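Written out below as structure tokens is the structure these notes cover.
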């Protein structure tokens, strides 16, 4: 097609006017736009490429935005954004002030919920459908959930609830691409694999049941007998039986790239009384050779060269995650009882090398963070030394297990919390700025954050030598190297002085140590002498160290990339409030709101945590006092 079809589409109403023979060309145009944009902005490429036809079919078959569509996580929702009036702004994807990489209600009436974590879509769907029925309204509800999210326990809780409401109309579209982020694991992955090779079952079953109903005198009895026999067959042998046992009407598997078939199936599902699950099979990364061959690499990727598929990483840079990877392999060589656990993030958390070197001591449990922590507690009870590697934002989902299964029993489980603090373009659902607060409040827990990359390796060794729960948090991206960090040995609760100063003390933890060094430099130009401390520990805190560095200072400023409430600075206030009642302490961290997406320096500036903003504030305070 010479003229662009996509340029004429500003809403799903326009999409419904496109002749069916042109939809394949439209899908190609959407894929080109997604590839071109994410090559500049980064983003979740492979998942969205695999769901282009799904988005087209959904918006043609349903009357959106009146009908509600919930995209689980939102990784696959780029085509949805493009088709719902955001095409012209799509080049601002994940940029500060631009489009979010995930569905956002404030962004469009077509986004039914704000989504960012796996597994919640089915709960939203049954809740919206029940609310619709209670209010006597008329609209359809559809949830699009990836096969990886089906390892999440909350998805089964929602299906169980849906089975209690057999007359409540809702559609579940299972986007089965045989991958979440890393390769899918567990029983549900094996089950779906078996379904994919038996696509004719649903059709044959329908014809057989129809034939028996027409048999005079015997049809009803035979059908009941058939149903009893069918229900006794194991789930492993009968496609769809697992979902039907929850009370869902199962349809599929069908080709998730066949738009006419998808449209027809969704339209039919709208008319079915009760919850329906449509099982679609798609290809993650479809339409872009590099992402088809390496879908895990292109799941969430930074800016890249679209012609070569290579990311624009600066040569010589080493990320914190790489330091973790190297250190865990070394520790695994030394400690035969060391085991590593992650939740569908083997590559993202840097455990791939460990899994290859020690396959019997590596466990990927799927998107099941609660189980991951419970499993670690059991390993600790069994005499092993478990390391649980999960992103900060996802570990929140297992807070009860951290408390009840690990800390209550004082078990030696090490949590390595990646993506702590601000993560940048993924935005509010993925920032990790609560972990100091939610780990520091728990009894028996030690909470650490390295000031640079070398210190991360030392902290992991230190953590494994403790016979108690430990959390080690570190940021996304480059592992900094800072002069003065790591000169003193690790002692529980004690920080270290990175630079001396006489006027004020800057107490910084983790990623903010580098910012504190920059603030000190700026204040020196204003004639203010600032000491800088690398806190190392958010819990416990050594009163002797804190009073020592605060003594004789006009002002103590704490810096953290965690929310202020319950964070590191709150702990300093608690200690100095008792030991040095006259000390003036300013606590600076992230604000009491959800921070949106953008580059990390932009978000620090916006939050008042850039070196320039902090030095200006501190100098102004000293001038006034």
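The values are calculated or read from the model by the stated rules, or taken from the named source; none is laboratory data. If you're wondering where the values come from, they're calculated on a predicted model, not measured in any experiment. Glycine gets a Cβ as well: all are built from the backbone with ideal geometry, and neighbour counts include every protein chain shown.
Descriptive notes on the structure:
- One residue alone among 263, 268 is over 32 Å from the mean Cα position of the chain (by Cα), closer than 15 Å to residue 173 by Cα and at pLDDT 80 or above, and that residue is 268.
- Of all residues in the stretch 562-582, those being outside any helix (DSSP H, G or I) and without any contact (Cβ under 8 Å) to a residue 60 or more places away in the chain number 4.
- Scanning the stretch 146-180 for residues that are in contact with a strand residue (DSSP E or B) (Cβ under 6 Å, 6 or more places away or on another chain) and part of a strand (DSSP E or B) yields a total of 8.
- Qualifying position, being surrounded by fewer than 17 Cβ atoms within 10 Å (Cβ to Cβ) and more than 22 Å from residue 147 (Cβ to Cβ), among 360, 294: 360
- Some residue of the stretch 590-612 being modelled with pLDDT under 95, touching a strand residue (DSSP E or B) at 6+ places or on another chain (Cβ under 7 Å) and part of a helix (DSSP H, G or I): no
- Check on residue 173, within 21 Å of residue 46 (Cβ to Cβ), over 20 Å from the mean Cα position of the chain (by Cα), touching a residue at least 12 places away in the same chain (Cβ under 8 Å) and surrounded by 23 or more Cβ atoms within 10 Å (Cβ to Cβ): yes
- All helices (runs of 4 or more DSSP H) inside the stretch 1-66 with 2 or more residues being in the same structural domain as residue 109 (by TED's automatic domain parsing), farther than 25 Å from residue 95 by Cβ and free of Cβ contacts under 8 Å to residues at least 12 places away in the same chain: 12-15
- Within the stretch 474-505, the set of residues being within 32 Å of the chain's Cα centre (by Cα) and not in a loop (DSSP other than H, G, I, E, B) comprises 478 only.
- Which listed residue, of 486, 424, 453, 477, is touching a helix residue (DSSP H, G or I) at 6+ places or on another chain (Cβ under 9 Å), surrounded by fewer than 24 Cβ atoms within 10 Å (Cβ to Cβ) and more than 27 Å from residue 312 (Cβ to Cβ): 486
- Qualifying residue in the stretch 392-400 (condition: touching a helix residue (DSSP H, G or I) at 6+ places or on another chain (Cβ under 7 Å), without any contact (Cβ under 8 Å) to a residue 40 or more places away in the chain and either at negative phi or surrounded by fewer than 24 Cβ atoms within 10 Å (Cβ to Cβ) (or both)): yes
- Residue count for the stretch 265-286 under the criterion of being part of a helix (DSSP H, G or I), more than 28 Å from residue 299 (Cβ to Cβ) and touching a helix residue (DSSP H, G or I) at 6+ places or on another chain (Cβ under 7 Å): the result is 1.
- Residue 291 being in contact (Cβ under 8 Å) with a residue 24 or more places away in the chain, farther than 18 Å from residue 58 by Cβ and under 24 Å from the mean Cα position of the chain (by Cα): yes
- Yes/no for residue 557 being more than 17 Å from residue 455 (Cβ to Cβ), assigned to a helix (DSSP H, G or I) and at pLDDT 95 or above: no
- Exactly one residue out of 210, 221, 252, 206 is at pLDDT below 85 and outside any helix (DSSP H, G or I), and it is 252.
- Subset of the stretch 246-263 [closer than 19 Å to residue 52 by Cβ, in contact (Cβ under 8 Å) with a residue 40 or more places away in the chain and surrounded by fewer than 23 Cβ atoms within 10 Å (Cβ to Cβ)]: 254, 257, 258, 259, 260, 263
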